[in-house]
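Each reported figure results from applying straightforward, stated rules to the coordinates on display, with no laboratory input. Treat the numbers as computed from the prediction; the structure is a model and nothing was measured. Counting neighbours? That spans all protein chains shown, and the Cβs are built from the backbone with ideal geometry, glycine included.
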Amino acid sequence: MTAANPLGATLTGWTPPQPPRGETLEGRWVRLEHLDADLHAADLHRAYSGHDTLWDYLPYGPFSSAAAYHRWVKERETLADPLFYTLRDQASGHAAGVASYLRITPDMGSIEVGHICLSPEIARGRAWTEAMFLMMDWAFRAGYRRYEWKCDALNLPSRRAAQRLGFSYEGVFRQAAVVKGRNRDTAWFSVIDAEWPALREAFGAWLSPANFGPDGRQRERLSDLTRLVRAASDPLLDALG
């Protein structure tokens, strides 16, 4: 008699989730709004102007004019995958960044966050971190099992951001793409549903107003709070210290 092959665990009670519809996600410091060219493009172009390196690892940009960026946004505002959000800073009221859900695969319970482009006014601080939390929280509440983050392997700030947010390192796919005529190796990270309750608590502790002093400085670092939850660390970041 031939021994039975090992099989994955049966997913009792799991059903494929619905795809995101662009629902507004409201936080204390940020509001995520479905990207709309007429509402957001001019403000975003203003926020990005003079910072062309923001586009270095993205397959598009920089944009030569507000009109060119408006056209680009107009072509993408109705897409279901990727589904783009504007990050509106609650303090200033400005549209200051973009992020999206993509590679949305409800049948597999998998969804990715990407196309992240943050202007300097939102790139550091609580607003963008809260935006990442809100998007991740929506995905797991909706029933997704796996939440992915991928970036150019040379993009160290993105790799550091993924690890800080609690994503576990999964490896590098060599020669995964050609972007703007250049080779791209892609670093993969993920969070799975079993890790989310502990990560959610870590985000809650970090985002709490009690975690920040009168000068706005954090008392506990998010990376310290998420470290124990991560299944694997990025060896390159560990080597760099």
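Miscellaneous remarks
- R182-T2 FRET efficiency (beta carbon distance; Förster radius 45 Å; 0.05 resolution): 0.35
- Inverting the pair-averaged 1/r between distinct Cα atoms of the range 156-201 gives 12.0 Å as its Kirkwood hydrodynamic radius.
- Measuring how big the chain is from its alpha-carbon positions, Rg and Dmax come out at 18.6, 71 Å.
- Sorted peptide list for 86-97, 132-143, criterion being average Cβ within 10 angstrom, highest first: 86-97, 132-143
- Charge context of S49, other residues only, Cβ under 14 angstrom, K/R +1, D/E -1: -2
- If the Kirkwood radius is taken over C-alpha pairs of the range 71-202, then at 37 °C and 0.692 mPa s the Stokes-Einstein diffusion coefficient equals 210 µm²/s.
- For the range 124-210, alpha-carbon Rg over 2.2 N^0.38 Å: 1.19
- For the chain, a Gaussian network of Cα nodes joined below 10 Å ranks G166, G125, G109 by mean-square fluctuation, and the top entry is G125.
- Per-q log10 I(q)/I(0), the range 33-128, q = 0.14, 0.15, 0.18 Å⁻¹ (Debye; single scatterer per alpha-carbon; no solvent): -0.50, -0.57, -0.81
- In this simple spin-label approximation, R28 and E201 carry label points 7 Å from Cα along the Cα→Cβ vector, and these lie 1.9 nm apart.
- Per-residue extension of 0.36 nm, minus the Cα-Cα distance of D38 and Q175, leaves a gain of 45.6 nm for this segment.
- For the range 25-240, relative contact order (Cα pairs under 8 Å, six or more residues apart, normalised by length) works out to 17 percent.
- Gap separating the Cα centres of the range 1-80 and the range 98-157, nearest whole Å: 8 Å
- Computed [θ] at 222 nm, helices only, for the chain once each DSSP H run of length n ≥ 4 contributes -39500 (n - 2.57): -9000 deg cm²/dmol
- The distance between label points at L228 and Y60 comes to 4.3 nm (points 7 Å beyond Cα on the Cα→Cβ vector).
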